[in-house]
1. Using θ = phi - 60° and the Karplus curve 6.51 cos²θ - 1.76 cosθ + 1.60, what whole-Hz ³J(HN,Hα) does each residue of region 81-94 get, with Gly and Pro shown as x?
2. Can you sort K54, K113 so the residue with the fewest Cβ neighbours within 10 Å comes first?
3. For each of S87, S213, count neighbouring Cβ atoms within 10 Å of the residue's Cβ, then give the residues from fewest to most.
4. What list do you get for D280, D156, D22, D60 if you sort them by fewest beta carbons within 10 Å?
5. Calculate, in nm to one decimal, what T235 and K183 gain on full extension: separation in residues at 0.36 nm each, minus their alpha carbon distance.
6. Could you pull out the pairs from K89/K247; K113/K234; K113/K233; K54/K93; K54/K229; K177/K233 whose alpha carbons sit more than 25 Å apart here?
Amino acid sequence: MMKRLIIIAALMTSLKGVSQQDPQYSLYQFNQMAINPGYAGARDAIAIVADVRKQWAGFDGAPVTGAFTVHSPILNNKLGVGINMVSDKLGPKKVTGIYGSVAYLLKIGNATKLSFGVRGGYAMYKFDFTNLRYKDNDENAYTDLNGANKGALDVDAGLYLRTNSFFVGLSATHLNKGVIYNKTFTSTTPGGTGDYSLHYVQRPHIFLTIGNSFSINENFLIAPSLMVKSVAKKTTADLNINFFIVKKVWFGVFLRQGYGFGALFQAYVTNQLRIGYAFDAGLGKQRALGGSHEIMVGYDIKRPKAKMVSPRLL
């Protein structure tokens, strides 16, 4: 019962439009296409990535996210194009979206590239309250929303700058502030009076990512990175420190502000195939939520006359 009440509270906050609505990623460094359309074409290859995240494993109604991205440079590396597909489920709410991205790639000098990207698509929201228990058995405020399919057009934009060892990205999602649901209800609960409204609006999310790799020797790199997220005047940050060993394996640890810590791993099985895993857990009161797991598989298809991207680029 307590688990369901927590999930209901999380959903209520989301419906009011004041919480973070976008999925959480711990392996964002290795697939920035998921959060920044300006990343389209950043790898000199046709880059395919599948990512699955199970947040708060073992907790009923906890978030489950699946994402798939593919992107590539085209027109002699002057443009980048890509496709994003995402499915995100939290309790009774499920969001499914498909997006197309295009980015203009500008070469600055021999090793620096700056890109400007936009992404547009459609997000479908579905709500299922049939398995939830309400404090008041007569509560029916969500009857109109239950089982409904609601959708909205969605627009994102981003910038991405990279060199062989440094990157910085800035992106914003839901720039058009799509309205998913907006309705006024008259209370039917015994003793209740007056009208109240229920609305769900896509809130713009701002993402800033920055990182750099430092070569200690031929077989060892240290690569700190930072991701700052801001939504509805609330800002949090993930601080990472990563190590690249024998030109094959990434290992890192990170601290997530206001939540806890985690560890990540990515290995190049071949020059084209890479597999990653991340685990995170909360501290203090957040420990009760349990740990989270994320798995990522990426594959780069080398294009004719193209040089494979250096693994120093996160």
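1. Going residue by residue, I get 10, x, 10, 10, 10, 9, 10, 9, 10, 9, x, x, 9, 10 Hz, with x marking Gly and Pro.
2. Listing K54, K113 from fewest to most nearby Cβ atoms yields K54, K113.
3. Arranged by neighbour count, lowest to highest, S87, S213 become S87, S213.
4. With the sparsest Cβ surroundings first, the list reads D60, D22, D280, D156.
5. Here the segment from T235 to K183 would lengthen by 15.8 nm.
6. In this structure, K89/K247; K113/K234; K113/K233 lie more than 25 Å apart at Cα.
FYI, it's all coordinate maths here, none of it is from the lab. Being a predicted model, the structure only gives us computed values, none of them experimental. Counting neighbours? That spans all protein chains shown, and the Cβs are built from the backbone with ideal geometry, glycine included.
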